[in-house]
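The values are calculated or read from the model by the stated rules, or taken from the named source; none is laboratory data. Computed from a predicted structure; not experimentally measured. Counting neighbours? That spans all protein chains shown, and the Cβs are built from the backbone with ideal geometry, glycine included.
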Amino acid sequence: MKEWKNASLLITGIGMSNLGNWIYFIALNLTILNLTGSAAAVAGLFVIKPIALLVTNFWSGSVIDRVNIKKLMIWVDVIRGVLICIIPFITTLWMIYGMIFIIQIVGSVFGPSSSIYITKVVPSENRQRFNSFMSMTNSSAFLLGPALSGVLIMLVGTELCIFINGVSFFLCALCINFLPNIERDVANGRERIKLKVLMKDWQTVAQFARSAKYFISIYILFQSAMLLGFAVDSQEAPYIKQHLLLSDQEYGLMVSVTGIGSLTGAFVSALLGKRIAIRWYISLGMLLTAVCYVLFYASSGFISATIAFILLGFFMSFASTGYTTFYQQHVPTDLMGRFGSLADMVQGSIQIVLTLLLGLLADVFSLQLVCLIFSGIGVWVSLVLCLRVVSGRKRELASDGVNI
């Protein structure tokens, strides 16, 4: 009972901040558009986060693995809340960019930190179900956030919406404050993070990667398929507007039903969490997600594209839940911060390259053809992942601790 009380506080806190993030995201886009009148200025927002990750992730994991995780998460939320509440008082674009960059740098440690905390607080037999509920909460935020933001912007303006996100971080910090401290060895907590320490940490991560070959093979295949999906996601709006010739209203409706698909998928995955092994969530979930990308970019109208979108959201919830549980079961908590941060840095670099490459090819060749080729490669990678997971020896899977 105590475990689920802690889990509920975690889900509530992170869920509120995610909902606030969606409200803030829409409001911030409009704020910058109203300030500059430039679509390019709005596009600049999408570049800030990966740049911040590249700047921080080569050292942030070393910090995360050496401090009290609960206190770190609380301070990150409080600082982000304060900084976001300052944004409405800023009147120049570059100062807003600078503030968002600082917010992203501070927030870059929250994801790896929360992964460690969840792994420590949630018992291994409950993680698959917990991750499903977390996915359902995130899907609800994705579904409700933009709609709620639209209503609030219409009633009270963009400034209050940005303040709401700041308050959501304070509420998240309050929920985390009621959670227990986790027992971790932080004997090196006062060790100064110098280049020598960073190099030693990178070597430790490399040694882990060499010793956990099965996990690394699944990790690389899954992330490769996801990165290909993220790349084709960048051409979603041009495809809908230029190829399918749909209206803004139809586009908005499609995005909303994707949230419904994700929410339904997360709910079903939570119900089946005790009955289906995570290897099926990872393998079939990712394979069917990749197939849905192909179906979407092969669609010829609103109905077929919408069906593909719904199924995409549904199956991605399974894939995400399975992967998150698999990651928590295989990466040691005392290494999770360093591994996660370095991995995110590499993935961010690859994502930038893939997205730019796809965009360049889409300008030279047919947008639909290029997206179908990238999606097809994603299906091939997912098939390899599926075969690798399913054919894995039982002793390799035994450490999962759930539903072998």
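Within segment 295-304, take every residue that is part of a helix (DSSP H, G or I) and out of contact with any helix residue (DSSP H, G or I) (no Cβ under 6 Å at 6 or more places or on another chain) and give me the one that is surrounded by the most Cβ atoms within 10 Å (Cβ to Cβ). Quick ask: steps written out before the conclusion?
Initial filter on segment 295-304 (part of a helix (DSSP H, G or I)): 295-297, 302-304.
Subsequent filtering for residues that are out of contact with any helix residue (DSSP H, G or I) (no Cβ under 6 Å at 6 or more places or on another chain) retains 303-304.
On the way: ILE303: 9, SER304: 14.
Across segment 295-304, the extreme among qualifying residues is SER304.
Which count do you get for residues in segment 159-186 that are in a helix (DSSP H, G or I) and either at pLDDT below 85 or closer than 21 Å to GLY337 by Cα (or both)?
Initially, segment 159-186 is screened for residues in a helix (DSSP H, G or I), giving 159-177.
From the residues that got through so far, the ones that are either at pLDDT below 85 or closer than 21 Å to GLY337 by Cα (or both) too are 159-162, 164-165, 172-173, 176-177.
Adding up the residues that qualify gives 10.
How about segment 50-128: which helices (runs of 4 or more DSSP H) wholly inside it have at least 2 residues that are more than 25 Å from GLY15 (Cβ to Cβ), touching a residue at least 40 places away in the same chain (Cβ under 8 Å) and out of contact with any Pro (no Cβ under 9 Å at 6 or more places or on another chain)?
Numbers: elements: 69-86, 93-107, 110-121.
Answer list for segment 50-128: 93-107.
Got a sec? Which of ASN165, ASN177, ASN138 is touching a helix residue (DSSP H, G or I) at 6+ places or on another chain (Cβ under 8 Å), buried (at least 22 other Cβ atoms within 10 Å of the Cβ), touching a residue at least 40 places away in the same chain (Cβ under 8 Å) and over 14 Å from THR31 (Cβ atoms)?
Matching residue, one of ASN165, ASN177, ASN138: ASN138.
Give LEU228, LEU245 a once-over and let me know the one that is modelled with pLDDT of 75 or more, closer than 30 Å to PHE365 by Cβ and surrounded by 19 or more Cβ atoms within 10 Å (Cβ to Cβ). Let's see the steps before the verdict.
Working: LEU245 fails: surrounded by 19 or more Cβ atoms within 10 Å (Cβ to Cβ).
On inspection, the qualifying residue turns out to be LEU228.
Condition check: outside the structural domain of VAL55 (by TED's automatic domain parsing) and out of contact with any Leu (no Cβ under 9 Å at 6 or more places or on another chain). Does PHE365 satisfy that?
On the way: outside the structural domain of VAL55 (by TED's automatic domain parsing): yes; out of contact with any Leu (no Cβ under 9 Å at 6 or more places or on another chain): yes.
Here the answer is yes, as PHE365 does meet what is asked.
Filter segment 342-371 down to residues that are touching a Ser or Thr at 6+ places or on another chain (Cβ under 9 Å) and under 18 Å from ILE218 (Cα atoms) and give me whichever is modelled with the lowest pLDDT.
ASP344
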